[in-house]
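Everything on this sheet refers to the single structure shown next.
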Amino acid sequence: MDSVDEPAAEPRKRGRPKVSSDEDKRAHIVEVAGRVFVKYGYAGSTTAIVASEAGVSKQTLYKLFESKEELFAAVVGAHRRLMLDLPRPVEDISIAASLERIFMIDMDEDKDADRTGFLQLVFREAAQFPELVDILQREGMLASRQQLADWLSERRSEGRLTLDDTASGARMLMDMILGGMGPPEGRARAWPDRAQLFAHLRRCIAIFAAGVGAA
């Protein structure tokens with residue numbers, strides 16, 4: 001068994017250093033697993049592939065994640081921040097400008113590719129694997145949607161927008177923006193270039209902001 005990630009020549013450390021090491025390994029494995037899931041799909045991905053590409057032993061991986069399902073849940077949770085930049089401090093800018101930052105319209109190309117790839121994986125795999133629906137809902141969409149609804153509620157309480165149902169507003173925004181970012185047919189066929197995609201996303205945000213009378 002490959003155990004290069006756990007050198008035997010040194011005594012095992014105790015206390016906080018070991019905890020920190022495990023946290024670093026966990027974050028590294030989750031990052032690699034995200035790429036593996038996007039590359040091979042959920043069905044084609046295995047914990048053995050993830051362990052190999054992460055440079056850790058399967059024993060180490062299973063110490064941190066009990067199953068592929070748990071690993072996928074961790075990946076979904078990690079990618080939540082790529083979907084919405086929330087929570088965030090109060091900003092002295094327009095609601096539309098804040099929403100552009102929340103949805104990271106100007107994200108750099110590499111991160112945007114990671115986000116799009118994972119979104120397309122979610123759209124493609126969710127219907128095929130019913131057991132993943134709860135994970136996707138709990139760790140991804142529901143948590144993100146609640147954060148966005150809370151943000152809209154705070155802006156409503158400040159008198160900066162008028163919206164009778166912020167949960168519905170959050171759902172509306174996410175359907176428009178995330179659907180535009182990663183449609184099921186794939187971005188290559190939906191958008192000829194990033195400029196047209198971003199123009200569409202800004203148009204969606206502007207229409208929503210106008211609809212809620214945003215300051």
Could you work out how far helix 142-157 tilts from the main Cα principal axis of the chain, as a 0 to 90 degree angle to the nearest 10? 40
Report, to the nearest 10°, how far helix 109-125 tilts away from the longest principal axis of the Cα atoms in the chain, using its own Cα long axis and a range of 0 to 90°. 80
Can you figure out the FRET efficiency of A167 with V90, using R₀ = 35 Å and their beta-carbon distance, to the nearest 0.05? 0.95
Plugging the Cβ-Cβ distance of I207 and D22 into 1/(1 + (r/R0)^6) at R0 = 45 Å yields, to the nearest 0.05, a FRET efficiency of 0.45
Return one number: the angle in degrees, 0 to 90 and rounded to the nearest 10, between the long axis of the Cα atoms of helix 16-44 and the longest principal axis of the Cα atoms of the chain. 70
Rounded to one decimal in nm, the spacing of the 7 Å Cα→Cβ label points at K63 and Y40 is 2.2
Report in % the part of the accessible area of the chain that belongs to carbon and sulfur, leaving out ligands and nucleic acids; probe 1.4 Å. 53
Within the chain, excluding any GluC sites (Glu not before Pro) found in a DSSP loop (not H, G, I, E or B) and having at most 16 other Cβ atoms within 10 Å, the longest uninterrupted segment runs 92-157
With every protein chain left in place, what is the accessible area of Y40 in Å² (1.4 Å probe, nearest 10)? 90
Heavy-atom accessible area per residue - the chain, 1.4 Å, Å²: 54
Which value in nm describes the separation of the simple spin-label points at R156 and R194, placed 7 Å from the Cα toward the beta carbon? 3.5
Probe 1.4 Å - accessible area at I93, Å² to nearest ten: 40
Per-residue accessible area, 1.4 Å probe, largest first, puts T162, T116, T46 in the order T162, T46, T116
Find the Rg to Rh ratio for the chain, where Rh is the Kirkwood radius over alpha-carbon pairs and Rg uses the same atoms. 1.04
What figure, in Å² to the nearest 10, do you get for the accessible area of V212 with a 1.4 Å probe and non-protein molecules left out? 10
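The values are calculated or read from the model by the stated rules, or taken from the named source; none is laboratory data. Not measured: the values here are computed from a predicted model. Positions of Cβ are generated from backbone atoms using ideal geometry, with glycine treated the same way; all protein chains shown enter the neighbour counts. We work out accessible area using only protein heavy atoms, side chains counted, and drop any ligands, DNA or RNA first. Shrake-Rupley method; radii C 1.70, N 1.55, O 1.52, S 1.80 Å.
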